[in-house]
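Notes to accompany the following structure.
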Amino acid sequence: MNTKINYLYRDASNYTVSNSCVIRGTLTEDQKRTILSVLDEGEYFIPHAVGMPERKFDTETEDDHPFFELTESDFEQTNERPTMDITGEALAKRFVSASMDGTLTNERKAGGPKEDGGSTMHEAAQRSLSLTIRMGEDAFEIDIYEPESGEVTRISHPYSFDGHPEFDKAIGAEIYSWLSLWKDELEDN
């Protein structure tokens, strides 16, 4: 049995787009409470901050914003295959972590980029990648998830504590490919 999480995008004109994802296993009541307890005003969050897919409208207008709605009744058990390779425990930890650093509700915390121009990075150029790391006895896997496209790339490598140039090259190439794509998009706009 898995858990389906339904969440809703509602723009300022009250038009809605339903979203959902399925995680591995059953989300416990404690995990649900943990997730709901860190949402802004008890229901608002930014899905990509925890690696969940986001679907809005095809075109962006002044009515759009980054927030989605999630309520206690939006969790259900299902036999559907997982669309996210994550457990309820790991997802609850992501929600807590994103709440603590402010990315869950788009609030900046101490130590982050400053609203007063303290960062030289352009706000419109901000993008997210989410990493899921699985460790085995002799090797590990990393899923790199890009929430806007829903694309996931898996990198697998054996442990190597002396040196890891193949891993460095693989993860660097993957991240740089996203940077190149995003930079091209910015230049086209």
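When the trypsin sites (Lys or Arg not before Pro) in the stretch 134-189 are filtered for DSSP coil states and for at most 11 other beta-carbon atoms within 10 Å of their beta-carbon, no site remains.
Less than 5 angstrom separates the built amide H of Tyr7 from those of Asn19, Ser20, all sequence-distant by 5 or more or on a different chain.
Which entries in the list Lys56/Lys169; Lys32/Lys169; Lys93/Lys169; Lys32/Lys183 go over 32 Å, if you measure between the two C-alpha atoms of each? With Cα atoms farther than 32 Å apart: Lys56/Lys169; Lys32/Lys169; Lys32/Lys183.
Note on the chain: Cα-only Rg and Dmax are 17.9, 57 Å. Database remark: amide H of Phe140 closer than 5 angstrom to the amide H of His157, Tyr159 (H placed geometrically; neighbours at sequence offset of 5 or more, or on other chains; Pro and chain starts carry no H). Computing Rg and the Kirkwood Rh from the Cα coordinates of the stretch 28-67 gives a ratio, Rg/Rh, of 1.07. Near Arg134, once Lys and Arg are set to +1 and Asp and Glu to -1 for all other residues with Cβ below 14 Å from its Cβ, the sum equals -4.
Count Lys and Arg as plus one, Asp and Glu as minus one, and take only other residues whose Cβ is under 11 Å from that of Glu185; the net charge is then -2. Compactness of the stretch 8-102 is given as radius of gyration and Dmax, 13.4, 39 Å, from Cα positions.
With Cβ to Cβ distances under 12 Å as the rule, what net charge do the other residues near His48 carry (K, R +1; D, E -1)? After counting each charged neighbour, the total is +1. Normalise the Debye intensity by I(0) for the stretch 126-188, one equal point scatterer per Cα, no solvent, then take log10 at q = 0.27 Å⁻¹ and round to two decimals. Summing over Cα pairs of the stretch 126-188 leads to -1.20.
Values quoted throughout were computed directly from the atomic coordinates according to the rules given, and no laboratory measurement underlies them. Note that the structure is a prediction, hence the values are computed from the model and not measured. FYI the Cβ positions are ideal-geometry reconstructions off the backbone, even for glycines, and counts take in every protein chain you see.
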